[in-house]
1. Can you find a residue that is within 18 Å of ALA101 (Cα to Cα) and either part of a helix (DSSP H, G or I) or in contact with a Pro (Cβ under 6 Å, 6 or more places away or on another chain) (or both) anywhere in the range 56-70?
2. Of the residues ASP77, ASP3, ASP44, ASP66, which is in contact with a strand residue (DSSP E or B) (Cβ under 9 Å, 6 or more places away or on another chain), of a type in the set (Asp, Glu) and more than 19 Å from ARG129 (Cα to Cα)?
3. Among the listed residues ARG242, ARG267, which satisfies the condition of being outside any helix (DSSP H, G or I) and surrounded by fewer than 16 Cβ atoms within 10 Å (Cβ to Cβ)?
4. Only one residue in ALA243, ALA203, ALA215 is in contact (Cβ under 8 Å) with a residue 60 or more places away in the chain, not assigned by TED's automatic domain parsing to the domain that holds HIS92 and not aromatic (Phe, Trp, Tyr). Which one?
5. Looking at the range 83-104, can you tell me whether even one residue there is in contact with an Asp or Glu (Cβ under 6 Å, 6 or more places away or on another chain) and buried (at least 23 other Cβ atoms within 10 Å of the Cβ)?
6. Can you tell me which residues in the range 88-125 are small (Gly, Ala, Ser) and within 12 Å of SER150 (Cα to Cα)?
Amino acid sequence: MADTVLYEVSDGLATITLNRPEAMNALNVAAKVALREAVESAADDTAVRAVLLTAAGERAFCVGQDLKEHIGLLAQDRETGSGQTMSTVREHYNPIVRALAGAAKPVVAAVNGVAAGAGFGFALAADYRIVADTAAFNTSFAGVALTADSGISWTLPRVVGPGRAADLLLFPRNIGAQEAYELGIANRLVPADELRAEAEKVARALAEGPTVAYAALKESVGFGLTHSLGETLEKEDELQTRAGSSEDHAIAVRAFVDKEKPKYLGR
């Protein structure tokens, strides 16, 4: 991976760190490519049982597109007529969100500062968001005459409701950490100096948990959002059969009977 994104795997936990703190972790092309490679690697690696997505520095988690680079790329498009710049949604943002949301393992986002635009979208694509009390969120898109991307038109209404999502998209503003918690954007709010330790604690606990069951929970919730009750009941039956045949389920049942703490294998 490029040094714009750091990638480390330890004891089943993949930690992905956006590493452009001097640019508020804005996404230039190099960072987008590196992030895409990192999240896809974590999603595909069966040895990885949980993912922690975080960022270097204190000011920002990720402020979205690097507009300084973007201006130059738009100028090149005007000269060549290629229109290549906006292909970043298809080439970078969409694969990143699909990998985060579709990973068969839990994804935790540790939001240390401002999460704007695609940065907000990536945080929402995670399954669980731990947020520093100094952090803030902003949709940003309308402020630069763009529409939503990075999945935020799908995730945000499901978190805050369609009416509130319309307000936040049409009239971008900073959503402070406390309001984000009240809206359900933040699952857990912690002091800034405790964020990394708390996020690692949560992510490592998930990495030691029943991975097959977690994957099934992710799939069932996503399915239920877009299908009828009857279809969802059929999906639950399918997924419960899968989870019930896992080694982890057998381990959990034995541990319960023996009054011991289960030691899951992730399969």
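The values are calculated or read from the model by the stated rules, or taken from the named source; none is laboratory data. Since we're looking at a predicted model, the values are computed, not measured. Here the Cβ is made from the backbone with ideal geometry for all residues, glycine too, and neighbour counts use every protein chain on show.
1. For the range 56-70, residues within 18 Å of ALA101 (Cα to Cα) and either part of a helix (DSSP H, G or I) or in contact with a Pro (Cβ under 6 Å, 6 or more places away or on another chain) (or both): absent.
2. Matching residue, one of ASP77, ASP3, ASP44, ASP66: ASP66.
3. Among ARG242, ARG267, only ARG267 is outside any helix (DSSP H, G or I) and surrounded by fewer than 16 Cβ atoms within 10 Å (Cβ to Cβ).
4. ALA215
5. Looking through the range 83-104, at least one residue is in contact with an Asp or Glu (Cβ under 6 Å, 6 or more places away or on another chain) and buried (at least 23 other Cβ atoms within 10 Å of the Cβ).
6. ALA99, ALA101, ALA116, GLY117, ALA118, GLY119, GLY121, ALA123, ALA125
For every residue, the table says whether it meets (1) surrounded by 13 or more Cβ atoms within 10 Å (Cβ to Cβ); (2) within 19 Å of the chain's Cα centre (by Cα); (3) hydrophobic (A, V, I, L, M, F, W, C).
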{"site": "LEU156", "(1), (2), (3)": "yes, yes, yes"}
{"site": "PHE171", "(1), (2), (3)": "no, no, yes"}
{"site": "LEU189", "(1), (2), (3)": "yes, yes, yes"}
{"site": "GLU194", "(1), (2), (3)": "yes, no, no"}
{"site": "LEU206", "(1), (2), (3)": "yes, yes, yes"}
{"site": "PRO210", "(1), (2), (3)": "yes, no, no"}
{"site": "LEU217", "(1), (2), (3)": "yes, yes, yes"}
